[in-house]
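Presented below is the structure to which this report refers.
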Amino acid sequence: MMTEPRISRIPHAVVPGIADTVRVEGGTTIYVSGITGHRAPGAPAPDFAEEVRLAIVALVASLERQGASLADLVRLTVYVVGLDRERMDTWHRVRDEWFPLDEPPAASLIGVLALAAPYYSIEIEGTAVI
């Protein structure tokens, strides 16, 4: 018999929207591979904000297929091509529309030179526990 997970999140002292640490006991762990934001294969989003939204929608769908939601994420890793202040602010603004800020996952935002296809600007990986 699977036990319900016990999750303890310690908010980051300086950065809003992420946890400094997350402790999980019990439950089932779900690993989400890199999710990108596009309309169809080879059809890039018109701008970075829309690409972020599309990636989050795809992440939500992936989690739902496993019976999970964004609230179940305990770890989030976000890779952004050409990460600068504008893209960082866009990520935070769009993320805050979707993610539960009262119980955020531990998270990293990482600038990279490229992703799997030249028209991808963001890739999101996650770990959830249900």
Original post:
Which condition number in (1) in contact with a Gly (Cβ under 7 Å, 6 or more places away or on another chain); (2) at pLDDT 95 or above is the one that ALA49 fails?
Top reply: (1)
Original post:
Residue check: is THR21 within 15 Å of ALA107 (Cβ to Cβ), modelled with pLDDT under 95 and not small (Gly, Ala, Ser)?
Top reply: yes
Original post:
Can you name every residue in region 40-65 that is out of contact with any Asp or Glu (no Cβ under 9 Å at 6 or more places or on another chain) and β-branched (Val, Ile, Thr)?
Top reply: VAL52, VAL57, VAL60
**OP:** Can you run down the residue pairs with Cβ atoms below 9 Å, 6 or more apart or on separate chains, where the first is in region 67-85 and closer than 15 Å to TYR31 by Cβ and the partner is among the basic types (Lys, Arg) and modelled with pLDDT of 95 or more?
**Re:** LEU76/ARG95
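Report the residue count in region 104-128 for those that are buried (at least 16 other Cβ atoms within 10 Å of the Cβ) and either of a type outside the set (Val, Ile, Thr) or in contact with a helix residue (DSSP H, G or I) (Cβ under 6 Å, 6 or more places away or on another chain) (or both).
Here the count works out to 14.
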Original post:
Do you know which residues across region 51-102 are among the aliphatic types (A, V, I, L, M), buried (at least 16 other Cβ atoms within 10 Å of the Cβ) and assigned to a helix (DSSP H, G or I)?
Top reply: VAL52, LEU54, ALA55, ILE56, ALA58, LEU59, LEU63, LEU70, VAL94
Original post:
For region 13-50, how many residues meet the condition of being surrounded by fewer than 12 Cβ atoms within 10 Å (Cβ to Cβ) and either assigned to a helix (DSSP H, G or I) or among the polar types (S, T, N, Q) (or both)?
Top reply: 2
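The values are calculated or read from the model by the stated rules, or taken from the named source; none is laboratory data. None of these values were measured; they are calculated from a predicted model. For neighbour counting, all protein chains shown are included, and Cβ atoms are generated from backbone atoms with ideal geometry for every residue, glycine included.
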